[in-house]
Structure formats: structure tokens, C-alpha cells
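Q: Please find one structure pasted underneath; my questions will follow.
The values are calculated or read from the model by the stated rules, or taken from the named source; none is laboratory data. Bear in mind the structure is a predicted one, so any value in this text is a computation, not a measurement. Glycine also receives a Cβ, built like all others from the backbone with ideal geometry; neighbour counts cover every protein chain displayed.
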Amino acid sequence: MSYDVITFGEAMVRLSPPNYRRLEQARSLDVQVGGAELNTAVGLARLGRSTAWVSRLTDNPLGRLIANHAREAGVSSDHVVWTPDERVGLYFLEFGAAPRASSVMYDRKGAAIAGIRPGMVPWSEVFAGTKWFHVTGITPALSASVAETTREAMQAARAAGVQTSMDLNYRVKLWSQAEAGRCMSDLMQLCDVLITTEEDIERVFGITGKDYEEAAARVADRFPLKAVAITLRENPLVWKNTWTAIVYHDRRILRTRTYEVEIVDRLGAGDSFAAGLIHGLLDGDWQKALDFGVAASAIKHSIPGDFAWITRSEVEALLKGPGLRISR
């Protein structure tokens, strides 16, 4: 079966104490599943696109839990590589409230995805009939073999005529800025659309500008990219932010609305932006892509968990004009 979009990366089991408790206070933990590329595949599936997620999971109850959640959200797990060895990664999320920020603690060392190697995934089969491939900078940071496999995947996508996007997603807990800069500069040669923040552009590529628009233009000048999308967040409070984005394409800046979001759960917001952006780009419409990306991710802020349990109709309704009356 062919899919509109293929994504590749790690997913973990997410454990969170309820009611803003610290982990040290916890007597129970809420169980969710999250991972940048899987989150994006879910967002696209919810917008009506056919999606599949590629990863490597341990064949145990936690691995099956992740695959089950993916399928429940409409994402195919047919291309997951299963192994009886290693483990499934975990991460723990504490929800904060001003002045205490939310925080994440990872327990992912030795996860099955870190052992994936070139040749394990039949990429030419995976990409047959596929329109788009998406990955993030988290994936190559997991291990040297995952970085090699990411490059293999992007080369195979290019050979198959599949459009590619990458969310830079720099994670300081996974690798240094120098390591990220070397690897990501190489992968940019195989990328069509870069999704990032102004901060990550500086940390990974050492690129700055007088503002985020100039920074986006400088990234596009350095690498053979079709476009650079930058998300823009202002954080006056832990639970209330403003949220928008811009796209630099064809030497011009596209803009869209700014949303004031009340945050229930911001994890996965950037991934839902990527989903909305890719959704619009599959229709060949850059402005629609930006509008959908920001609107979809604005809604995601109001939804618990990493997954964007959104519908295309509610995104379209938000684009026509926000309304907070009860829907009945």
C-alpha cells in the first residue's frame, strides 16, 4: 500500500503525574504515547492524509502499546521493524504553572530505535507511491547508526522523487551543537523544506540575522532548500502564549494570523504545525500550508497528550474566525 506521507523516528511512552504534581509526589501516572515524527503522522492522518510511521520497536507490551496508539490514531505501523531485544524509551513530564515551568525527564538510553542500521528498512518499497517524507533532528541524534539510516532514508526519498521535510528540533540532552551542526548541514543537502525556530538556527548552524526573517533567508541561501518555516512563540505565562509562524519561499516571506493560546499541553504543538504545513504543501499551496500549520497547532495546545486529536473541519472553522461559544 502507498501512503501520502511517511515519517521516521522514535516514539516513547509518556508518563505524567496528574494535577500538576511533581514526580516525587506521584502516586499514579497518566500514560500517553509521543514522538515527534509519529505525532506529525497522527496530525496528517487526522487531516485526512494516509500516513505510515517507520521505527524500530521492542516486541513487548510497551512496544505494542505504542503501535496500538499509532493505529488508533489512523497511522499505519506496517513498516515498523520489530525486535525481541533492547527496550522501549520512556519520558516523564511534569506540568508546571507560573513561575514553575513544565519539565521533561528522559529514560530512553538503549532504546530499540538506537540500534537501527542502514539496510534494515527497505526504503525503496516504503517510498513506492509516497508523496512526502518527514523526519526531525531528534532522530539522527539518537546514535551514529540512526544518523546513517536517516541519511539512507533521505537519499532513497530523493531517488524516488519524494518531497522531504525536516524539523530541526535541536535537543541539547542528545548531542552537542557542533555534532548537530555537522550532521544537519549534511542532511540539508537532501531536504526540501526546513521547519525550525530562530533559536535552533543559531544553535545548530551558527546563523543569525537582525530578525527571524533575515535568519530564514540566510539559511535558505546556505542550503539548497525550497523553503524555511519558522515558528514563533511568546511565553508571557506558562499556560498562555502567542503562537504564529512565517515561511520564507521564493525569496519572499509569507505570514499568517497570530493566535493567543491557552495551554493545556504544548508537547506536540510543533509537530502538529509540521502536519498542517505538509497537508497544505501536498495541495501545492504555500499560504494554505502556513495557515493550516499554525491553526492546527494552535488547537493542539488545548488537547492533552502529544497527539493532535484534531479534525480538518475544526481547523477550517478556526481559519474562518475564532469562536469560543459552546458547540451544540
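Q: In the list Thr150, Thr231, which residue meets the criterion of being surrounded by 19 or more Cβ atoms within 10 Å (Cβ to Cβ) and closer than 23 Å to Leu290 by Cα? Can you show your working first?
A: Details: Thr150 fails: closer than 23 Å to Leu290 by Cα.
Of the residues listed, the single one that is surrounded by 19 or more Cβ atoms within 10 Å (Cβ to Cβ) and closer than 23 Å to Leu290 by Cα is Thr231.
Q: Can you tell me which residue within region 173-208, out of those that are assigned to a loop (DSSP other than H, G, I, E, B) and in contact (Cβ under 8 Å) with a residue 12 or more places away in the chain, is surrounded by the most Cβ atoms within 10 Å (Cβ to Cβ)?
A: Cys191
Q: A follow-up question, please. For region 1-31: of the residues being hydroxyl-bearing (Ser, Thr, Tyr) and at pLDDT 95 or above, which is surrounded by the most Cβ atoms within 10 Å (Cβ to Cβ)?
A: Thr7
Q: Another question, if that's okay. Can you list the strands (runs of 3 or more DSSP E) lying wholly within region 59-133 that have 3 or more residues being more than 19 Å from the chain's Cα centre (by Cα) and more than 24 Å from Val5 (Cα to Cα)?
A: none
Q: Look through Leu62, Leu142 and report the one residue that is among the aliphatic types (A, V, I, L, M) and surrounded by 22 or more Cβ atoms within 10 Å (Cβ to Cβ). Explain how you work it out, then say what you get.
A: Working: Leu62 fails: surrounded by 22 or more Cβ atoms within 10 Å (Cβ to Cβ).
Result of the check over Leu62, Leu142: Leu142.
Q: Next up: Answer yes or no: is there a residue in region 296-316 that is in contact with a Lys or Arg (Cβ under 9 Å, 6 or more places away or on another chain), hydroxyl-bearing (Ser, Thr, Tyr) and more than 29 Å from Tyr3 (Cβ to Cβ).
A: No: region 296-316 contains no residue that is in contact with a Lys or Arg (Cβ under 9 Å, 6 or more places away or on another chain), hydroxyl-bearing (Ser, Thr, Tyr) and more than 29 Å from Tyr3 (Cβ to Cβ).
Q: Of the numbered conditions (1) in contact with a strand residue (DSSP E or B) (Cβ under 8 Å, 6 or more places away or on another chain); (2) over 29 Å from Asp283 (Cα atoms); (3) surrounded by fewer than 18 Cβ atoms within 10 Å (Cβ to Cβ), Arg158 satisfies every one except a single condition; which is it?
A: Among (1) in contact with a strand residue (DSSP E or B) (Cβ under 8 Å, 6 or more places away or on another chain); (2) over 29 Å from Asp283 (Cα atoms); (3) surrounded by fewer than 18 Cβ atoms within 10 Å (Cβ to Cβ), Arg158 violates only (2).
Q: Here are some conditions: (1) buried (at least 24 other Cβ atoms within 10 Å of the Cβ); (2) assigned to a strand (DSSP E or B). Ser272 meets all but one. Which one does it not meet?
A: The number of the failed condition is (2).
Q: Pairs only if they're at least six apart or on different chains, beta carbon under 6 angstrom, first in region 239-259 and surrounded by 15 or more Cβ atoms within 10 Å (Cβ to Cβ), second of a type in the set (Lys, Arg); list them, first residue then second.
A: Correct list of pairs: Asn241/Arg233; Trp243/Arg233; Ile246/Arg255.
Q: A further question on this structure: So, in region 275-321, exactly how many residues are assigned to a loop (DSSP other than H, G, I, E, B) and of a type outside the set (A, V, I, L, M, F, W, C)?
A: Qualifying residue count, region 275-321: 10.
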